[in-house]
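What follows is one structure encoded as structure tokens, with my remarks underneath.
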Amino acid sequence: MKGSPEVIKVLNELLSHELTAVSQYIVHSEICENWGYEKLGGVIKKRAIEEMKHAEKLIARIIFLEGRPTVSELGKMRIQAEVPKMFAIDHVLEEEAIKGYNEAIVICGEAKDFATREIME
């Protein structure tokens with residue numbers, strides 16, 4: 001099914017964001033484990049895996065819409081060297097994702113792609 005170019009574009013933007021989150025979380029996880037905070041590192045790694053699943057769903061939808069997933073473009077990673085700062089910047093990353101998904105919902109609605117809009121919701 002040929003998808004709207006605008007919808008495919010916004011899905012690729014979300015994909016970039018999710019892949020950035022995966023990378024940032026993995027680095028934070030490894031930093032925590034290196035400091036001896038294995039349990040905390042494991043929790044952060046689980047969040048990275050959750051983000052990978054989000055990226056996987058976006059890739060599947062882009063392919064379904066006959067688009068090409070762009071996996072080579074990442075946003076700026078904001079690696080922190082203190083746990084509270086890691087949590088704060090990861091929280092900012094999640095807030096940015098919420099904003100992006102809300103924008104995608106509007107774009108999908110305007111394109112009358114209600115199935116993709118439902119996935120975004």
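The values are calculated or read from the model by the stated rules, or taken from the named source; none is laboratory data. Just so you know, these numbers come straight off a predicted model, no measurement behind them. As a convention, Cβ positions derive from the backbone with ideal geometry for all residues, glycine included, and neighbour counts pool all protein chains shown. Quick note on the areas: whole protein, heavy atoms, side chains included, nothing else; ligands and nucleic acids left out. Shrake-Rupley method; radii C 1.70, N 1.55, O 1.52, S 1.80 Å.
On average, how much accessible surface per residue is there in the stretch 80-121, in Å², for a 1.4 Å probe, leaving out ligands, DNA and RNA? Numbers along the way, then the final one.
Details: 2640 Å² over 42 residues.
Spelled out: the 1.4 Å probe surface of the stretch 80-121, per residue, equals 63 Å².
Nothing charged except the Cβ atoms of Lys and Arg (+1) and of Asp and Glu (-1): what's the magnitude of the dipole of the chain about its Cα centre? Round to the nearest 20 debye.
Details: 16 positive and 21 negative charges, 34 e Å.
Taking the Cα centre of the chain as origin, the dipole is about 160 debye.
At a threshold of 8 angstrom on Cα-Cα distance, excluding pairs fewer than six apart, so keeping six or more, what relative contact order does the chain reach in percent?
Details: 132 pairs, mean separation 42.1, N = 121.
Across the chain, relative contact order equals 35 percent.
Tell me, what ³J(HN,Hα) does each residue in the stretch 101-107 have, in order and in whole Hz, if you take phi through Karplus 6.51 cos²θ - 1.76 cosθ + 1.60 with θ = phi - 60° and put x for Gly and Pro?
5, 5, 5, 5, 4, 5, 4
If one computes P(r) from the Cα atoms of the chain, what percent of pairs lie at distances over 20 Å?
44
Counting only other residues whose beta carbon sits under 15 Å from that of VAL106, what net charge do I get with K and R as +1, D and E as -1?
Surrounding charge for VAL106 is -3.
For LYS53, go through the lysines and keep the ones whose alpha-carbon is under 18 Å away, minus same-chain ones fewer than eight residues off.
Those lysines meeting the cut-off are LYS45.
Round to the nearest 10 and report in Å² the accessible area of VAL71, as given by a 1.4 Å probe over the protein chains' heavy atoms.
About 90 Å², ignoring ligands and nucleic acids.
What is the percent carbon and sulfur in the accessible area of the chain, measuring with a 1.4 Å probe over the protein chains and ignoring ligands?
59
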